[in-house]
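For reference, the structure is listed below as structure tokens.
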Amino acid sequence: MVMARTTGAFYVMGGVLGLLITAIAPGDQGNRPLVGSAAAVALVLGSTLLAWGPRLPHSAHHVYLATATVLVTIAVHSFPNTTGAISLSAFYVFIACDAAMFFTWSQASAHIGFALALCLWVLPVRPAPPGLPWWTGLIPAGVTVGVGVVVGVLTRMASEADIDVLTGLLNSRGFDRVLGTAIQQAARNDHGLALVLVDLDRFQKVNDHLGHRAGDAVLQRVADTWSKLLAADHHLARYGGDAFALLLPNTTEQAAILLTEQLRAAVTVGCSAGVTSWQPGESGSLLISRADVGLYRAKQAGRNRTVLESARQLPLAVELREAIDCGALDVHYQPIVSLTEGGGKAVGVEALLRWSSSAQPEVTTEGLIRVAEEYDLIADLDELVLRRACTDAVRLQETFDQLDLTLNVNVSGLELAETGYADRVADILAGTGWPAEQLVLEVTESELAAESQTAVTNLHTLRDRGVRIAIDDFGTGYSSLSRLATLPSDILKVDQSFVAAIRSGSPAPPLLGVIAALSSALDLQVIAEGVETEYQAAVLTELGFALAQGYHYSDSHPVSELISDLDATEERADPSVTDTATAPGDSVEANGWVPLP
């Protein structure tokens with residue numbers, strides 16, 4: 001676009017000046033109509049460049065520049081007096097400037113050389129007497145070459161100010177310039193524009209342990225790998241340190257997410273990314289700040305992931321916001337039973353969020369979580385479920401005072417990483433009257449990979465106040481013995497996929513025995529999720545598991561129905577009562593929101 005506007009401006013300026021000097025210059029030695037026609041052609045070509053030049057391919061500008069050289073030569077050759085002809089030869093400088101600014105040195109040299117040859121040729125061969133000596137073209141030719149070289153050097157110096165020396169990509173200054181231009185084009189053409197900010201995870205450790213030379217090599221390798229995967233109109237920049245920025249013209253948010261996932265998968269280092277899209281009227285700084293929020297949330301959620309920070313409110317997000325505001329969300333409960341005390345005695349309940357969306361009935365559990373987190377609804381959803389669950393648990397405890405029930409509620413990794421989360425939990429407990437010693441907060445294991453100092457501090461604070469911490473879906477995330485030994489936790493919840501592998505007639509999965517032994521060594525309680533048959537319960541009991549939950553014991557129910565269900569559960573603990581399994585329901589686990597089997 002800049003090239004088209006510059007070349008077009010040169011054309012228009014040359015055409016206007018050519019028409020003016022042709023009209024006022026005295027003499028009748030040359031061909032005044034031909035000179036005027038050349039100036040008019042230049043004016044028309046300049047106008048077309050200004051209007052449609054940005055849509056033309058780069059190669060078309062070579063034709064425009066060569067045509068300009070020919071038009072100047074025609075005007076110099078045919079001008080009606082000698083003084084004006086020499087004056088018109090100054091237009092060759094425009095050609096040298098344009099070529100030096102926008103083409104490579106070899107291409108610019110070809111255009112300047114062509115202009116130089118014509119300049120040296122045309123003045124001595126003018127038909128009007130008395131003929132000019134050959135050396136009259138030396139000064140305009142020399143000025144043309146000199147200006148072209150100076151402009152080329154200065155242009156390349158300015159260009160290098162926009163380039164990151166290490167990777168060869170745009171730097172932050174260059175990217176901001178390209179972003180401003182892209183926003184103008186998107187506004188004019190009504191096209192989409194997506195922005196991605198990517199940060200290499202734990203890059204500082206590479207510099208600290210292996211040295212800055214190794215860190216530089218990593219940055220170069222990442223830049224080279226990603227550059228090969230991008231289209232010509234994509235703009236990748238090293239935005240600073242280990243941060244990269246990617247501008248994607250005419251791209252939707254979902255397409256940007258897919259491309260970002262491809263880029264992350266193409267490199268061996270972990271990456272966190274924030275994705276957003278431009279909305280009409282927004283500035284470049286606002287767009288970057290929103291993508292930066294997405295990047296921050298990706299890091300807080302555990303790193304090595306992509307988070308969309310969209311400016312558009314999905315209908316599902318709007319509906320969820322309304323449901324939270326008016327309290328239209330239900331919380332159901334599934335009993336957690338003891339395998340050692342009566343073979344089915346309820347010792348706790350897990351809160352399960354239940355909500356049906358009319359805007360998107362087929363939404364998956366992961367989709368619901370993502371919407372809540374991406375549209376900044378997770379804090380309110382967390383608080384609503386925890387407060388409702390504690391209130392219902394108080395009612396349950398009053399009804400079954402002989403049971404020392406625990407209440408298990410999931411917590412979002414984003415919330416856990418927020419300063420003051422432990423105090424918010426304490427306020428809810430104080431307001432509802434539920435004892436901290438009987439609350440278990442479940443955190444999905446993959447979310448623990450964040451290793452955020454704020455999250456760990458919150459966990460320690462909560463445990464100091466009596467709240468217990470459970471690692472949910474254990475065995476499917478990023479298990480680490482060192483993490484289990486150091487992370488403030490009290491309970492492991494074995495993922496239901498391990499329990500589902502227990503089948504009649506086949507040996508128990510060896511990993512279940514390993515988990516049982518590991519929990520015993522670390523003095524952690526273990527809860528087996530997804531128990532659906534008597535055989536599975538028997539195998540888990542034999543392996544030493546003390547707690548379980550699943551449809552074999554009870555489906556999830558509202559608190560009023562759970563009171564009756566707990567009575568039935570106590571009856572099933574009697575061996576004389578025949579055990580029956582209930583059918584699965586359509587519940588969604590609160591805030592961790594893992595679907596039940």
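When you go through G27, G8, G15 one by one, which is the residue that is loosely packed, with under 15 Cβ neighbours inside 10 Å and not hydroxyl-bearing (S, T, Y)?
On the way: G8 fails: loosely packed, with under 15 Cβ neighbours inside 10 Å; G15 fails: loosely packed, with under 15 Cβ neighbours inside 10 Å.
Answer to the check: G27.
Only one of these is in a helix (DSSP H, G or I) and of a type outside the set (V, I, T): L352, L429. Name it.
After ruling out the rest, the residue left standing is L429.
Could you grab me the full set of residues in region 162-193 that are over 22 Å from S310 (Cα atoms), open to solvent by less than 40 Å² (accessible area, probe 1.4 Å) and not hydroxyl-bearing (S, T, Y)?
D162, D164, L169, L170, N171, G174
Does A328 count as small (G, A, S), modelled with pLDDT under 80, open to solvent by 30 Å² or more (accessible area, probe 1.4 Å) and in a loop (DSSP other than H, G, I, E, B)? Please lay out each step first, then the result.
Numbers: small (G, A, S): yes; modelled with pLDDT under 80: no; open to solvent by 30 Å² or more (accessible area, probe 1.4 Å): yes; in a loop (DSSP other than H, G, I, E, B): yes.
Answer is no for this residue.
Can you tell which of L71, L88, L65 is crowded, with 16+ Cβ neighbours inside 10 Å, touching a helix residue (DSSP H, G or I) at 6+ places or on another chain (Cβ under 9 Å), touching a residue at least 60 places away in the same chain (Cβ under 8 Å) and in a helix (DSSP H, G or I)? First the steps, then the outcome.
Details: L71 fails: touching a residue at least 60 places away in the same chain (Cβ under 8 Å); L65 fails: touching a residue at least 60 places away in the same chain (Cβ under 8 Å).
Result of the check over L71, L88, L65: L88.
Can you tell me how many residues within region 270-290 are assigned to a strand (DSSP E or B) and either open to solvent by 60 Å² or more (accessible area, probe 1.4 Å) or free of Cβ contacts under 8 Å to residues at least 60 places away in the same chain (or both)?
So in region 270-290, the residues assigned to a strand (DSSP E or B) come out as 271-277.
Checking which are either open to solvent by 60 Å² or more (accessible area, probe 1.4 Å) or free of Cβ contacts under 8 Å to residues at least 60 places away in the same chain (or both) leaves us with none.
Number of matching residues: 0.
Test each condition in (1) at pLDDT 85 or above; (2) touching an Asp or Glu at 6+ places or on another chain (Cβ under 9 Å); (3) polar (S, T, N, Q); (4) not in a strand (DSSP E or B) for S310 and report the one that comes out false.
Condition not satisfied by S310: (1).
Does V293 count as closer than 28 Å to E383 by Cβ, open to solvent by 30 Å² or more (accessible area, probe 1.4 Å), touching an Asp or Glu at 6+ places or on another chain (Cβ under 7 Å) and not polar (S, T, N, Q)? Reasoning before the result, please.
Numbers: closer than 28 Å to E383 by Cβ: yes; open to solvent by 30 Å² or more (accessible area, probe 1.4 Å): yes; touching an Asp or Glu at 6+ places or on another chain (Cβ under 7 Å): yes; not polar (S, T, N, Q): yes.
Judged against the criteria, V293 is a match.
What number goes with the only condition from (1) touching a residue at least 24 places away in the same chain (Cβ under 8 Å); (2) farther than 25 Å from A141 by Cβ; (3) open to solvent by 10 Å² or more (accessible area, probe 1.4 Å) that A60 does not pass?
(1)
Might you check whether a residue that is open to solvent by 40 Å² or more (accessible area, probe 1.4 Å) and touching an Asp or Glu at 6+ places or on another chain (Cβ under 8 Å) occurs anywhere in region 397-418?
No; the residues of region 397-418 include none that is open to solvent by 40 Å² or more (accessible area, probe 1.4 Å) and touching an Asp or Glu at 6+ places or on another chain (Cβ under 8 Å).
Does V222 meet the test of being of a type in the set (V, I, T) and at pLDDT 90 or above?
Working: of a type in the set (V, I, T): yes; at pLDDT 90 or above: yes.
Yes: the conditions hold for V222.
Which of the residues spanning region 523-562 are of a type outside the set (G, A, S), open to solvent by 30 Å² or more (accessible area, probe 1.4 Å) and part of a helix (DSSP H, G or I)?
First pass over region 523-562, keeping only residues of a type outside the set (G, A, S): 523-527, 529, 531-536, 539-543, 545, 547, 549, 551-553, 555, 557-559, 561-562.
Right, trim to open to solvent by 30 Å² or more (accessible area, probe 1.4 Å) and you get 523, 525, 532-535, 541-543, 557-558, 561.
Result: E534, Y535, T541, E542, L543, E561.
When you scan region 94-108, how many residues do you find that are part of a helix (DSSP H, G or I) and open to solvent by 30 Å² or more (accessible area, probe 1.4 Å)?
First, the residues of region 94-108 that are part of a helix (DSSP H, G or I): 94-102, 105-108.
Then drop every residue that is not open to solvent by 30 Å² or more (accessible area, probe 1.4 Å), which leaves 94, 101-102, 105-107.
The qualifying residues number 6.
Inside region 381-396, can you point out the residues that are under 36 Å from the mean Cα position of the chain (by Cα) and open to solvent by 60 Å² or more (accessible area, probe 1.4 Å)?
Those that are under 36 Å from the mean Cα position of the chain (by Cα) and open to solvent by 60 Å² or more (accessible area, probe 1.4 Å): E383, R387, R388.
State whether the residues of region 194-202 include one that is in a helix (DSSP H, G or I), open to solvent by less than 50 Å² (accessible area, probe 1.4 Å) and either of a type in the set (D, E, K, R) or out of contact with any Lys or Arg (no Cβ under 8 Å at 6 or more places or on another chain) (or both). Step through it out loud before you land on a result.
Within region 194-202, the subset in a helix (DSSP H, G or I) is none.
Scanning region 194-202, I find no residue that is in a helix (DSSP H, G or I), open to solvent by less than 50 Å² (accessible area, probe 1.4 Å) and either of a type in the set (D, E, K, R) or out of contact with any Lys or Arg (no Cβ under 8 Å at 6 or more places or on another chain) (or both), so the answer is no.
The values are calculated or read from the model by the stated rules, or taken from the named source; none is laboratory data. Not measured: the values here are computed from a predicted model. When we count neighbours, we look across all protein chains shown, and the Cβ atoms used for this are built from the backbone with ideal geometry, even at glycine. In case anyone asks, the SASA skips ligands and DNA or RNA and just uses the protein heavy atoms, side chains included. Shrake-Rupley method; radii C 1.70, N 1.55, O 1.52, S 1.80 Å.
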